[in-house]
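The values are calculated or read from the model by the stated rules, or taken from the named source; none is laboratory data. The structure presented is a predicted model; accordingly, all values stated were derived computationally and were not measured. Backbone-built Cβ (ideal geometry, glycine too); neighbour counts: all protein chains shown.
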Amino acid sequence: MRAMHDLGGQPAGPVERDEHDPSHAERRVDALMALLRARGLFNVDEMRRTIESLPPEIYERHDYYERWLYTIERLLIEKGVLTAREIEDRLAADG
Amino acid sequence: MAKPAFKPGTAVRVRDLPVKGHMRTPGYIRGRRGRIEVLQGFFPNPEQLAYGAKGLPPVPLYLVRFPQSEIWPGYGSTGDSLALDIFEHWLEPAET
Amino acid sequence: MTHDHHHDDDAHGHVHPGKGDHPTHAWERREAAIRSLLIEKGLVTAEEIRRKIEEWEQKTPADGARIVARAWSDPAYEARLLADANAAALELGIDSSAVKLVALKNTPRLHHLVVCTLCSCYPRTVLGLPPAWYKAKAYRSRAVSEPRRVLAEFGTVLPPEVELRVVDSTADCRYLVLPLRPAGSESLDEAALATLVTRDSMIGVALATAPA
């Protein structure tokens, strides 16, 4: 069965000419990815492997940058840099 | 560095390897027959990099060109083509 | 690990076609939480993030356009560009050393179209950030299988005798299309030529602009 990200040749509708500029949060995600890769925390193929294994409902429901944020989070937890608990605690504290 | 297996112009077929997990050979090109366009160089294997390994020794990477009519049923009789970068272990010599 | 989200109005006013209401607040809070933790642990600094954002903001298709304009004006440069695009870009002060940059020359008989079906690989070092449509499903799916229909959606129609070659960026190479130099541009200098080279012409969904 074809993996979800392997899109070449799949049926799809017209190309919607989405030209929106990335928001501030989206730019920060881009920056974080580049900085964490430069720091050697993970490489681009580990990132791709992680985004490719997102559950389909997450892949479908979230936009491009949200999926990458989710990916960064998964990798940081996998590598023992952050814990899920720390993230949830910080979210709760930030309110 | 190992010698590249394929020279430009060689007819090759894309293998349908049973790789699970990360790979960079799209499903639509499996089993298709094309020609080596150029050797792009040697690069670490992304299938191993994806799991934290170094992916060495680097693998030859080729730009391989295919007629579109070979890939998509009903594409038509134009000379249109499709090219993609494929790692050496995904290629085997094709009948000429 | 689940993302708990609720339907909020899109706070940014930009449209995500087909997505309907877009929960941005929860996502942004998550980004802030992760970022603050990483800063606390000394893995990144706020300054580094700011500088990286600025660095990417300065990367625009104008860099790619300079490369194309130089190639149009100087056949020896074009030859160097086709042989080693990284080195040729560096001649113009553009550093692409993180990837292997490859220039694809269009001719009257050959037109290139670049896509990344597996994710969103794009020659960022010469074109800046990719447009959202390049990263979306419709383009990634159909650029390989129905390229002429996709081009028509961009208003680009190629004669049937022109070979349309789609290049799928599946690995370490990043591709920059050298569009055909428009007719009537013979007297233009490099700076004027660069204004004819659009981002879309360097992806391959469009031709370079005809001179006024």
Condition set among the polar types (S, T, N, Q) and over 24 Å from C:ARG174 (Cβ atoms), scope region B:65-87, selection nearest to the other protein chains (Cβ to nearest Cβ): answer is B:THR78
Within region A:71-85, restricting to residues that are more than 9 Å from every other protein chain (Cβ to nearest Cβ) and either touching a Ser or Thr at 6+ places or on another chain (Cβ under 9 Å) or buried (at least 18 other Cβ atoms within 10 Å of the Cβ) (or both), the one that is farthest from A:ALA12 (Cα to Cα) is A:GLU78
Filtering region B:41-54 down to residues that are facing chain A (nearest Cβ under 10 Å), in contact (Cβ under 8 Å) with a residue 12 or more places away in the chain and among the small types (Gly, Ala, Ser) yields B:ALA50
Of the conditions (1) touching a residue at least 40 places away in the same chain (Cβ under 8 Å); (2) surrounded by 20 or more Cβ atoms within 10 Å (Cβ to Cβ); (3) under 19 Å from B:GLN68 (Cα atoms), the single one that C:GLU163 does not satisfy is (2)
- prompt: In region B:73-85, is there at least one residue being farther than 21 Å from C:VAL167 by Cβ, crowded, with 16+ Cβ neighbours inside 10 Å and of a type outside the set (Asp, Glu)?
  reply: no
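For (1) among the hydroxyl-bearing types (Ser, Thr, Tyr); (2) crowded, with 17+ Cβ neighbours inside 10 Å; (3) within 29 Å of C:ALA46 (Cα to Cα), each residue gets a yes or a no:
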position: A:HIS5; (1), (2), (3): no, yes, no
position: A:ASP18; (1), (2), (3): no, yes, no
position: A:ALA25; (1), (2), (3): no, yes, yes
position: A:ALA31; (1), (2), (3): no, yes, yes
position: A:ARG37; (1), (2), (3): no, no, yes
position: A:LEU41; (1), (2), (3): no, yes, yes
position: A:ARG49; (1), (2), (3): no, yes, yes
position: A:PRO55; (1), (2), (3): no, no, no
position: A:LEU69; (1), (2), (3): no, yes, yes
Scanning region B:1-12 residue by residue, those in contact (Cβ under 8 Å) with a residue 24 or more places away in the chain and surrounded by fewer than 18 Cβ atoms within 10 Å (Cβ to Cβ) turn out to be B:MET1, B:ALA2, B:PRO4, B:ALA5, B:LYS7, B:PRO8, B:GLY9, B:THR10, B:ALA11
Counting only residues in region C:95-119 that are touching a Pro at 6+ places or on another chain (Cβ under 8 Å) and of a type outside the set (Val, Ile, Thr), the one modelled with the lowest pLDDT is identified as C:SER96
For region A:55-75, the count of residues that are without any contact (Cβ under 8 Å) to a residue 40 or more places away in the chain and hydrophobic (A, V, I, L, M, F, W, C) equals 3
The residue from C:LEU180, C:LEU176, C:LEU158 that alone is crowded, with 23+ Cβ neighbours inside 10 Å and either assigned by TED's automatic domain parsing to the domain that holds C:GLU78 or of a type in the set (Phe, Trp, Tyr) (or both) is C:LEU176
(1) without any contact (Cβ under 8 Å) to a residue 24 or more places away in the chain; (2) in a helix (DSSP H, G or I); (3) of a type outside the set (Ser, Thr, Tyr); (4) within 14 Å of chain B (Cβ to nearest Cβ) all hold for A:GLY40 apart from (2)
Wholly inside region C:19-74, helices (runs of 4 or more DSSP H) that include 3 or more residues that are closer than 30 Å to C:THR195 by Cβ and modelled with pLDDT of 95 or more are C:46-57, C:61-73
Contact list, first residue from region A:19-31 and more than 7 Å from every other protein chain (Cβ to nearest Cβ), second anywhere and crowded, with 20+ Cβ neighbours inside 10 Å, beta-carbon distance below 8 Å, six or more apart or interchain, is A:GLU26/A:TYR65
Those residues of region C:146-178 which are under 15 Å from the mean Cα position of the chain (by Cα) and basic (Lys, Arg) amount to C:ARG174
Confirm whether C:LEU129 is within 13 Å of the chain's Cα centre (by Cα), in contact (Cβ under 8 Å) with a residue 40 or more places away in the chain and at the interface with another protein chain (Cβ under 8 Å from one of its Cβ atoms).
yes
Picked from region B:14-31 (must be surrounded by fewer than 18 Cβ atoms within 10 Å (Cβ to Cβ) and more than 8 Å from every other protein chain (Cβ to nearest Cβ)), the residue farthest from the chain's Cα centre (by Cα) is B:LYS20
Exactly one of A:ILE72, A:ILE51 is modelled with pLDDT under 95 and either in contact with a helix residue (DSSP H, G or I) (Cβ under 6 Å, 6 or more places away or on another chain) or under 15 Å from A:ASP30 (Cα atoms) (or both), and that one is A:ILE51
message: Within region C:88-96, does at least one residue satisfy the condition of being surrounded by fewer than 24 Cβ atoms within 10 Å (Cβ to Cβ) and either within 13 Å of the chain's Cα centre (by Cα) or closer than 18 Å to B:ASP85 by Cβ (or both)?
response: yes
